[in-house]
Amino acid sequence: MTTSETASSGGATSKAAASRKNRLMGVASSVGIVLLLLLLSPCIALLRALARLVPKKKDLILLIPRFGGTLNGNLKYFYLYLAARHAQDCEFYLLTHRRATVRLLSERGLPVLLHPSPRSVVKLLRARSVVVESADWWHWLKSLLALHATSFQIWHGNGMKRVSMTNKKISAMLRGLGPFHWLLYWCNIYPTYDVVFFASRLQRKRRSASFRMKEAVLNGQPRNDIFFGTDIGFNLVGCDGATTEKIRSAAASGKRVVLYSPTYRPPAEIQPAHALDLDELSNFALRHGLLIVWKAHPKDGIAVQEREALVVMDKNADVYPVMGYADCMITDYSSIYMDYLLLDRPIIFFPYDLEHYLRRRGIQHDYNAITPGPKCLTQAEVQQALHEIVVDGGDSWRNSRETVRRDFYEYRDGRSCERLFAEIRKRGGF
């Protein structure tokens, strides 16, 4: 037998062994899930019965943010809108696992519930409407307790990625073993939503497969209302006050502000903080009268130190109230640039790991077609783009921005919270 034949035979044996191991692991996993279902089924059955039998309060609305209840997304602005405009029309609460969020809101007299707690369980069982912005709201049985509430999914971004059930990792999991599907169904994980909101017809077409739903409705994103001058009070709740003041002072002194806000990458991949020489970036900004604002994704685990011309915003803070100070944005695949498009200012894209990211995560659009700005793969290209756009004032992407904005937004009027509340009120009958 030749060396190549030996290697081939060894490879085939190795693949067969790996296949047997995977089958055994699959069987073990299936048995484990069946046993778990048998063990938990009495408790789950009781909760499902309670969710059906407990009478609903038609004007009770629960808002369930992502990441366990942070105050920095679409639900923050809808929550503040309800507090400012409809406190007399309905009962509403923001549900959070974070005691810091409870303290922050309670100090301002805003309605908030810590979950899990006896009170939050009762409110989940009694709520007529739940509004969510992610797929992780099943944690601590929230989606199970709210099984028979009217559910509104507004999502947390108007972007390009495959999300929820079309996310590659989640879709692979959902194609898994039969008992696992029963566990998901029995616990109301990845449920059928009563209403899912999309920001445009294009997004409704591309993202409909991401959710099970009864109805799709077009609306803007509540967090974008502030770009149109909508003042709903307490906008700075959940913001990084110290960094916000630095940004305001820099803008007032004539410096041009550049916001860098990249998306999340798993720890094993090249992180944004490692893809750039931050000392060089700060020195470049200093030479040209710029201030770089570093706003990492909330799940980013890298701690970045501030430099003379680089300030670091708390990664969990709400960035939207300060986006109006930014003369330019740098990002990659994050949906935040879609929000920034509403301000019609230049965007620089820094997808330094483009091929790898698209292969691993996948997107629902052609990347180059929906990113109206220069694509920079190195720091030198980023700094060159900053010089041409921010320092010299060049802007050759204005028409492209309008094209993308038109495709991704049905509404651009600052009334997204108003329309969302109208849909909830109509279905709640109050």
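The values are calculated or read from the model by the stated rules, or taken from the named source; none is laboratory data. What you see is a predicted model, and the numbers here were worked out from it, not measured in a lab. Positions of Cβ are generated from backbone atoms using ideal geometry, with glycine treated the same way; all protein chains shown enter the neighbour counts. Only protein heavy atoms, including side chains, enter the accessible area calculation; ligands, DNA and RNA are left aside. Shrake-Rupley method; radii C 1.70, N 1.55, O 1.52, S 1.80 Å.
Rounded, prolate or oblate: which one fits region 119-209, using the alpha carbon gyration tensor with axes a ≥ b ≥ c (rounded when a/c is under 1.5, else prolate when a/b beats b/c, else oblate)?
Numbers: a/c = 2.33, a/b = 1.20, b/c = 1.93.
Oblate, since a/c reaches 1.5 and b/c is not below a/b.
For residue 182 paired with residue 217, estimate the spin-label separation in nm (one decimal), with each label point 7 Å from Cα along the Cα-to-Cβ line.
Taking the two extended label points, one gets 3.6 nm.
What is the magnitude of the charge dipole of the chain about its Cα centre, with +1 placed on the Cβ of each Lys and Arg, -1 on the Cβ of each Asp and Glu, and no other charges, expressed in debye to the nearest 20?
Taking the Cα centre of the chain as origin, the dipole is about 2160 debye.
What aspartates and glutamates does residue 375 reach when the alpha-carbon gap must be under 19 Å and sequence neighbours fewer than 8 apart in one chain are set aside?
Counting by Cα, and skipping residues close in sequence, residue 375 has these aspartates and glutamates nearby: 277, 327, 332, 339, 344, 353, 355, 366, 388, 392, 395, 402.
Please build a GNM for the chain, connecting alpha carbons under 10 Å apart, and tell me which residue among 106, 416, 120 fluctuates the most.
Of 106, 416, 120, the most mobile in the Gaussian network model is 106.
With N residues in region 260-308, what two-decimal value do you get for its Cα radius of gyration over 2.2 N^0.38 Å?
On the way: Rg = 11.5 Å, N = 49, 2.2 N^0.38 = 9.7 Å.
Compactness ratio reported: 1.19.
Please list, in order along region 43-50, the HN-Hα scalar couplings obtained from phi with the Karplus expression 6.51 cos²θ - 1.76 cosθ + 1.60 (θ = phi - 60°), rounded to whole Hz, x for Gly and Pro.
Result, ordered by residue: 5, 5, 4, 5, 5, 5, 5, 4 Hz.
Testing the spin-label approximation: label points 7 Å from Cα along Cα→Cβ at residue 174 and residue 108. State their distance in nm.
A separation of 3.5 nm, rounded to one decimal place.
Once you order the gyration tensor axes a ≥ b ≥ c over the Cα atoms, which shape class does region 70-145 get: rounded for a/c under 1.5, otherwise prolate or oblate by comparing a/b with b/c?
Values: a/c = 1.39, a/b = 1.28, b/c = 1.08.
In terms of gyration-tensor shape, rounded.
Percent relative contact order of the chain, based on C-alpha pairs within less than 8 angstrom and at least six residues apart? Present the calculation step by step, with values, prior to reporting the outcome.
Working: 690 pairs, mean separation 72.1, N = 430.
RCO, the chain: 17 percent.
Net charge around residue 95, counting only other residues with Cβ within less than 11 Å of its Cβ (Lys, Arg = +1; Asp, Glu = -1)? Don't skip to the end; give the middle numbers.
Details: positive: 98, 119, 123, 142; negative: none.
Surrounding charge for residue 95 is +4.
Straight distance only, please: which lysines reach the Cα of residue 426 with their own Cα at less than 20 Å, same-chain residues fewer than 8 apart left out?
56, 57, 58, 214
How large is the translational diffusion coefficient of the chain in µm² per second when you combine the Kirkwood radius over alpha carbon pairs with Stokes-Einstein at 25 °C and 0.890 mPa s? Could the numbers behind the result be given before it?
Numbers: Rh = 23.7 Å.
Rounded to a whole number, D works out at 104 µm²/s.
Leaving ligands, DNA and RNA out of it, report the carbon-plus-sulfur percent of the accessible area of the chain at a 1.4 Å probe.
On the way: 10700 of 19390 Å².
The value for the chain is 55 percent carbon and sulfur by accessible area.
So for 427, 119, what's the accessible-area order with a 1.4 Å probe, most first? Don't skip to the answer; put the middle values down first.
Details: 427 70, 119 125 Å².
Descending accessible area places them as 119, 427.
Using the Kirkwood formula on the Cα atoms of region 147-256, what hydrodynamic radius do you get, in angstrom to one decimal? List each step's numbers first, then the result.
Values: mean 1/r = 0.0579 Å⁻¹.
Taking the inverse mean of 1/r over all distinct Cα pairs, region 147-256 comes out at 17.3 Å.
Using DSSP to define loop residues, name the GluC sites (Glu not before Pro) in region 273-313 whose beta-carbon has at most 16 other beta-carbon atoms within 10 Å. Provide the component values of the computation, followed by the final result.
Working: sites: 280, 306, 308; in loops: 306, 308.
Answer by residue number: 306, 308.
If each DSSP helix of 4+ residues adds -39,500 (n - 2.57) and the sum is divided by the residues in the chain, what number results at 222 nm, nearest 500 deg cm²/dmol?
Values: 16 runs with 177 residues, N = 430.
Rounded to the nearest 500, it is -12500 deg cm²/dmol.
Using the crude model of +1 on Lys and Arg Cβ and -1 on Asp and Glu Cβ, and no other charge, please compute the dipole size for region 38-97 relative to its Cα centre, in debye to 20. Let's see the in-between values first.
Working: 8 positive and 3 negative charges, 33 e Å.
Value, rounded to 20: 160 debye.
Roughly how many Å² of residue 234 are accessible to a 1.4 Å probe, to the nearest 10?
Estimated to the nearest 10 Å², residue 234 gives 100 Å².
In square angstrom, what is the accessible area per residue of the chain with a 1.4 angstrom probe?
On the way: 19390 Å² over 430 residues.
About 45 Å² of surface per residue is accessible.
Separation between the residue 56 and residue 248 pseudo-spin-labels, each 7 Å from Cα along Cα→Cβ, expressed in nm?
My value for the distance between the label points is 4.2 nm.
In a shell of Cβ-Cβ distance under 13 Å around residue 377, excluding residue 377 itself, what net charge do Lys and Arg (+1) and Asp and Glu (-1) give? Don't jump to the answer; show the numbers that get you there.
Details: positive: 375; negative: 332, 353, 355, 381.
Around residue 377, the charge tally is -3.
Hey, if we sort 255, 169 by accessible area with the 1.4 Å probe, largest down, what's the order?
Details: 255 80, 169 170 Å².
In descending accessible area the options line up as 169, 255.
Once amide H atoms are placed 1.01 Å from N in the peptide plane, what residues at a sequence separation of 5 or more from residue 150, or on another chain, have their amide H within under 5 Å of its amide H?
For residue 150, whose amide H was placed from the backbone, the distant partners under 5 Å are 129, 130.
Let me cross-check residue 333: its accessible surface, 1.4 Å probe, with only protein heavy atoms counted, in Å² to the nearest 10?
Taking all protein chains as shown, residue 333 has close to 0 Å².
Relative to the present Cα-Cα distance, how much length would full extension add between residue 391 and residue 299 at 0.36 nm per residue of separation?
Values: separation 92, 0.36 × 92 = 33.12 nm, distance 3.20 nm.
Here the answer is 29.9 nm.
First select every other residue whose beta carbon is under 14 angstrom from the beta carbon of residue 105; then total the charges, Lys and Arg +1, Asp and Glu -1. Spell out each step's value before the answer.
On the way: positive: 76, 98, 99, 103, 108; negative: 107, 318.
Taking every other residue near residue 105 into account, the sum is +3.
Can you tell which of 225, 332, 344 shows the greatest fluctuation in a Gaussian network model of the chain with Cα springs below 10 Å?
344
Can you spot the aspartates and glutamates whose alpha carbon is less than 14 Å from residue 142's alpha carbon? Ignore those fewer than 8 places along the same chain.
Straight-line reach from residue 142, under 14 Å: 133.
In a GNM of the chain with a 10 Å cut-off on Cα contacts, which of 242, 216, 135 has the highest mean-square fluctuation?
Ranking 242, 216, 135 by mean-square fluctuation puts 242 first.
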